[in-house]
1. Check off (1) open to solvent by 50 Å² or more (accessible area, probe 1.4 Å); (2) closer than 16 Å to Thr15 by Cβ; (3) modelled with pLDDT of 85 or more for Ile102 and give me the number that stays unchecked.
2. Going by the structure shown, is Ala108 open to solvent by less than 50 Å² (accessible area, probe 1.4 Å) and part of a strand (DSSP E or B)?
3. Hey, among the residues in region 49-76 that are out of contact with any Pro (no Cβ under 7 Å at 6 or more places or on another chain), part of a loop (DSSP other than H, G, I, E, B) and in contact (Cβ under 8 Å) with a residue 24 or more places away in the chain, which one's least open to solvent (accessible area, probe 1.4 Å)?
4. Determine, yes or no, whether Ala91 is open to solvent by 40 Å² or more (accessible area, probe 1.4 Å), among the hydrophobic types (A, V, I, L, M, F, W, C) and part of a loop (DSSP other than H, G, I, E, B).
5. So which pairs qualify, if the first residue must be in region 113-132 and closer than 17 Å to Gln33 by Cβ, the second must be open to solvent by 20 Å² or more (accessible area, probe 1.4 Å) and among the basic types (Lys, Arg), the Cβ gap must be under 7 Å, and the two must be at least 6 apart or on different chains?
6. Is there a residue in region 22-39 that is modelled with pLDDT of 85 or more, among the polar types (S, T, N, Q), surrounded by 13 or more Cβ atoms within 10 Å (Cβ to Cβ) and part of a strand (DSSP E or B)?
7. Condition first: in a strand (DSSP E or B), open to solvent by less than 30 Å² (accessible area, probe 1.4 Å) and either within 23 Å of Asn18 (Cβ to Cβ) or out of contact with any Asp or Glu (no Cβ under 8 Å at 6 or more places or on another chain) (or both). Can you find one or more residues in region 80-88 that meet it?
8. Report yes if Phe115 is at pLDDT below 85 and among the aromatic types (Phe, Trp, Tyr), otherwise no.
Amino acid sequence: MAIIEKLHFGDHIITFSNLSLIDARTQKTDLCQKRYGASFTTRNAPATTGFSVKRTTEKGHDITVISRNVDVTNGIFSIESQYEVIFPDDASKTPVNLNISITGLIGASDASGLFSDGTCRGAIYVQNKQTN
């Protein structure tokens, strides 16, 4: 539970890299860069409750934690999470399902892993802003 608290609450700097389209035939070649190209900082949203974890960014992303699964073994943790993200430049406000799998060391202020939203994929790095 402490790991979930650490990675799902408070301010975090999220950086995406190695962005690519899952299907190279997709016509919107700049879509992944537009969605994930710059890092952003997540913070707790006012709508967060004990039953629904919501996050926002300084750029206007609306993020809802849908599910999370944590495994802790021998000082290493891995978390698989699913989010619904509404991107700030999407006028339709259509949520995108974002799946993230990250690993880290217990006690560390960062974690890294991979992500996919069904259209885009790449690497993700999460760092607790207070230790940056």
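The values are calculated or read from the model by the stated rules, or taken from the named source; none is laboratory data. Everything quoted here is computed from the prediction, not taken from an experiment. Cβ sites come from the backbone with ideal geometry, for glycine too, and all protein chains shown count toward neighbours. Only protein heavy atoms, including side chains, enter the accessible area calculation; ligands, DNA and RNA are left aside. Shrake-Rupley method; radii C 1.70, N 1.55, O 1.52, S 1.80 Å.
1. (1)
2. Here the answer is no, as Ala108 does not meet what is asked.
3. Only one residue tops the list, namely Val53.
4. On the way: open to solvent by 40 Å² or more (accessible area, probe 1.4 Å): yes; among the hydrophobic types (A, V, I, L, M, F, W, C): yes; part of a loop (DSSP other than H, G, I, E, B): yes.
Considered against the rule, which asks whether it is open to solvent by 40 Å² or more (accessible area, probe 1.4 Å), among the hydrophobic types (A, V, I, L, M, F, W, C) and part of a loop (DSSP other than H, G, I, E, B), Ala91 comes out as yes.
5. Phe115/Arg121; Cys120/Arg35
6. no
7. Within region 80-88, one or more residues are in a strand (DSSP E or B), open to solvent by less than 30 Å² (accessible area, probe 1.4 Å) and either within 23 Å of Asn18 (Cβ to Cβ) or out of contact with any Asp or Glu (no Cβ under 8 Å at 6 or more places or on another chain) (or both).
8. On the way: at pLDDT below 85: no; among the aromatic types (Phe, Trp, Tyr): yes.
Criteria not met by Phe115.
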